[in-house]
1. Only residues of region A:12-41 count here: report those whose backbone N is under 12 Å from the spot 7 Å along Cα→Cβ of B:Phe408, or say none.
2. Ignoring ligands, DNA and RNA, please state the percent of accessible area on chain A from carbon and sulfur, probe 1.4 Å.
3. Quote the accessible area belonging to A:His29 in square angstrom, nearest 10, computed with a 1.4 Å probe and with ligands, DNA and RNA left uncounted.
4. Within the P(r) computed for the protein assembly as shown, what percentage of the Cα pairs occupies the region above 43 Å?
5. Where does each of B:Glu68, A:Glu39 land when they are ordered by accessible area, with a 1.4 Å probe and the largest first?
6. Based only on Cα atoms, what mean projected area does the convex hull of region B:3-118 have, in nm²?
7. Is the shape of chain B best called rounded, prolate or oblate, per the rule: a/c under 1.5 gives rounded, else a/b larger than b/c gives prolate, else oblate, with a ≥ b ≥ c the square roots of the Cα gyration tensor eigenvalues?
8. Accessible area per residue of the protein assembly as shown at 1.4 Å probe, in Å²?
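The values are calculated or read from the model by the stated rules, or taken from the named source; none is laboratory data. Note that the structure is predicted; figures quoted are calculated from it, not measured. Cβ atoms come from the backbone with ideal geometry, glycine included; neighbour counts cover every protein chain shown. Accessible surface areas use protein heavy atoms only, side chains included; no ligands, DNA or RNA. Shrake-Rupley method; radii C 1.70, N 1.55, O 1.52, S 1.80 Å.
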Amino acid sequence: MVKAVKGVLVKCDASIKAMLVDIDEKNGHEFIIDELDEEHILVKETKVAELKQRLQNMMKERLKEPESSDSE
Amino acid sequence: MSASSSQALEYLELLPRNTHTKLYEQPSTVLAIFRCMLPHLAKSIVMAMLYMTGPFAAADMDAWFRPEGRDAKAKALSVLGQLHIILEKQDSARQISFELYKGFANSLRQALTGSGSSRSFGVPSNKPDPNKVDVAFLDEYARKKWENMLFYMVGSTVGLATSSAVAQDVGEGTKQLLRAGNFVKTTHGRVSITREGFAFVLQETNAQVWSLLIVYLKYAPELGMSETDVLSFLFMLGSLELGQDYTTSTLSATQLQMLEDLSAFGIVYRQSKSSPTFYPTRLAVTLTSDSGALQSDATLSALSPTVASGSTRGNKGFIIVETNYRLYAYTSSLLQISILSLFTKLTTRFPNLVSGKLTKESITRAVRLGISSHQIISYLTTYAHAQMQKNSPFIPPTVMDQIRLWEFEGERVETTAGYLIKDFASEKEYEELWDYANSTGVLVWKNDAKRVAFVDRIEMISMFLQKRNKRNEEKG
């Protein structure tokens, strides 16, 4: 029987996906419903905003950005 | 069909059947839906079937279409089915045939031939108005009301508007509606714009009016108004004539209450609350047409490609962007300055000019608030200064690329809300489904190896599945 699952399709590249899966594992699998393939995952609708936020924080920690010169 | 009416179509499609039936009692509603909500192909189908006496066999309909038009036909029929305009029937011999719903067909015939009561298209006032107002006045009135509301949203966010001054011009009802529609939110007594609000402000005026009215419609039952009454009044407004005064004596209690709310947005004009007549403004009469509202006027934000390519492009451009990301805007309008300051680091303001710079910081801030790079670029392009318009493209490519790159850095994932469909029994079942989803335009993504498909809307798909299950049961 065909099933329909409500959720949000998240498309990203493989490296980002790895980080998202990592976040999910560390938080008791409360974000991701299904890993679809290398670049797509299905996420709970209510958790998308939080997942995005956590991803941003993680990126900020891991990637140091060069100070942008904002001089006139 | 323009971008603005497609929003209204989406809303209409989700209404239940008995609401549609009630709506179709009004010829003005039917005509408005026919004129500007239906795709062109759907119009042709309805027109061809309008004066048919009996059901129309599906096989005969297929004969009208070339094989390569199959997708377009499926799309048109699914819209017509969703709106309960066309009924699909199966007779005892398992032959599928189509028929127009009686109510819709009757009203459309009435609208086209002008028979029946004319009440549906508004009743002009028969007494001459001693204080008659002209079209120019109505345009000015509508523009001022609408612009005030936009400025309330944008201005209070960027801190340009001392909220008290603007807040006085914007009615309490309007503010409530903006909050209900999640266009603005209030934190610690300070109003700030939301992601949806940005998309709203950057839309073309016509689309803005529809977005706001759709919020109003959703809100209507809470105010004790019937949704059908509200909708048919809106469609009636769309068929009125600009500059003509209409009597309020034929309106229902709900519609009188609406008049008051709509005059707060500048959609209709009344001399006083007890005045026996009302004038529709340009915002109202363009509701159901493709020509834009208030376009002649450069101070309103209009951000659709249709505007950019239209004949309205002339001397309204005022923005200059240099390859070193510096931006100069010849404007003194507070609304425009506050929109610019959403994504620009403005540094200097002169009486007729503001200047600033597009920086990584300012763009990422805008992206965080929900503006996309696409919106920013098309805003800059639409309002490029006449001198900039000599270049091709108008905005230096390096600047456009950099804006996109800055956005991409902030947003590493792309999300789509919807439904994942899985566990297909067979390859054939899977293929039938994604093929259908693809032809109706709801398929977002599929994976053949895993046999899963993702769609952004489920209603049509579930109808499709139900129908197929029934067919299968009958067979088995």
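1. Only A:13 pass the distance filter.
2. Heavy-atom surface of chain A belonging to carbon and sulfur, 1.4 Å probe: 50 percent.
3. 110 Å²
4. That fraction is 28 percent.
5. Sorted by accessible area, descending: B:Glu68, A:Glu39.
6. For the Cα atoms of region B:3-118, the hull's average projected area reads 8.0 nm².
7. oblate
8. Per residue, the protein assembly as shown has 48 Å² of solvent-accessible surface.
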